[in-house]
Amino acid sequence: MTIADGVLDARRFRSDYAAHRLAEGRAHSAEDMNRLPYLTTGPIARQWRVRARSFDALCRTVLAPLRALKGSPLSILDVGAGCSWLCYRASLSGDTAVALDIRDDSVDGLGAAAHYLVEQPGRFGRVVGSFDALPLSQRRFDVAIFNASIHYAFNLATVLREAARVVSVGGRIVVLDSPFYASEAAGAAMVAEKRSEARTRFGERASTLMAPPFIEFLTSERLATAASGLGLDWRRHRVRYPIWYETRPLVALVRGRRQPSRFDLWESTVR
């Protein structure tokens, strides 16, 4: 099942999700979009400080070494690209990129990427599609990056199989900025909390936004199980995040709250 199937009210979901993202303050000015992910002001600047650390780790541990190994610019697929800031950054490094997302709205979907393409229309490509059925040819990319998106998968194994199909042998699949939990129980506690607070968090959009059966979170075991048979051997690159982020587990323990997730960077080579 995918959001695009029609089994779910795809149009309603995309509309309500865009409206929710707008209410969260995720529609950025042109100036702020040029700064992403290094945004230091605004209602979600704290989140962007975390994502900037993840992006720096991506450049340092994956993209730069692979670029050096290949001896030429990379071909990058940004899976769940949103406003396509990562593709914009990749293009500044000389790489070619394709932004893929199910949403094409101008809040922070692919429509918002028009800003980056005004002066240079061919800077990167945009494709509307679901990442469990990528409308792309085999072995086309050097890297597929799930950019804060893989937790929106319905079937993790299907999504990883599709990613492995479109990445060349020796290329990389990267999971960036998706919530990982130390155990299945810890992740399930987050989902239960999200459902119990859905009406407060999403208001009248709650039923629509909570309807899709997303996997919601990852564990190392989930990732390994989904990748079995695909020849993917995952490596975790621990990212050094701001001190307030790193101390969240201790704060949760002291306050008697559920344990929080971590992001970090997960990488696998396609064989």
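Values computed for the structure shown
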{"quantity": "Sequence ranges 146-154, 228-236, 125-133, 18-26, ranked by mean other-Cβ count within 10 angstrom, highest first", "calculated": "146-154, 125-133, 18-26, 228-236"}
{"quantity": "Whole-percent carbon and sulfur share, accessible surface of the chain, 1.4 Å", "calculated": "52"}
{"quantity": "Cα shape, the stretch 1-113, gyration tensor, a/c 1.5 rule", "calculated": "oblate"}
{"quantity": "The stretch 177-227: relative contact order in percent, alpha carbon pairs under 8 Å with at least 6 residues between", "calculated": "55"}
{"quantity": "Accessible surface, per residue, of the chain when the full set of protein chains is kept, probe 1.4 Å, Å²", "calculated": "47"}
{"quantity": "Estimated dipole of the stretch 6-67 in Debye, rounded to 20 [Cβ of Lys and Arg +1, of Asp and Glu -1, Cα centre]", "calculated": "200"}
{"quantity": "Leading residue at positive end of dipole, the chain (Cβ point charges), from Leu74, Ala97, Val251", "calculated": "Val251"}
{"quantity": "Mean ellipticity per residue at 222 nm, deg cm²/dmol - from DSSP H runs of n ≥ 4 across the chain, formula -39500 (n - 2.57)", "calculated": "-10500 deg cm²/dmol"}
{"quantity": "Relative contact order (%) - the chain, alpha-carbon pairs under 8 angstrom, separation at least six", "calculated": "18"}
{"quantity": "Simple Cβ-charge dipole of the chain, Lys/Arg +1 and Asp/Glu -1, about Cα centre, in debye nearest 20", "calculated": "620"}
{"quantity": "Span-rule helices in the chain, defined as complete DSSP H runs reaching 24 Å or more along the axis (Cα) with Kyte mean at least 1.6", "calculated": "none"}
{"quantity": "Whether the stretch 125-232 is rounded, prolate or oblate, judged on the alpha carbon gyration tensor where a/c under 1.5 counts as rounded", "calculated": "oblate"}
{"quantity": "In the stretch 188-271, GluC sites (Glu not before Pro) in a DSSP loop with at most 13 other beta-carbon atoms within 10 Å", "calculated": "Glu197"}
{"quantity": "Residue among Arg255, Arg165, Arg49 with the largest mean-square fluctuation in a Gaussian network model of the chain, springs linking Cα atoms under 10 Å", "calculated": "Arg255"}
{"quantity": "Distance-filtered residues of the stretch 30-44 - backbone nitrogen under 15 Å, label point 7 angstrom along Cys59 Cα→Cβ", "calculated": "34-40"}
{"quantity": "Sequence-separation-based contact order of the stretch 1-144, relative, with Cα cut under 8 Å and 6+ spacing, percent", "calculated": "22"}
{"quantity": "Prolate/oblate/rounded call for the stretch 110-175, Cα gyration tensor, a/c under 1.5 rounded", "calculated": "prolate"}
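The values are calculated or read from the model by the stated rules, or taken from the named source; none is laboratory data. The structure presented is a predicted model; accordingly, all values stated were derived computationally and were not measured. So basically every Cβ, Gly included, is an ideal-geometry build from the backbone, and we count neighbours across all protein chains shown. For the accessible areas, the whole protein counts, side chains as well, though only heavy atoms, and no ligand, DNA or RNA atoms are used. Shrake-Rupley method; radii C 1.70, N 1.55, O 1.52, S 1.80 Å.
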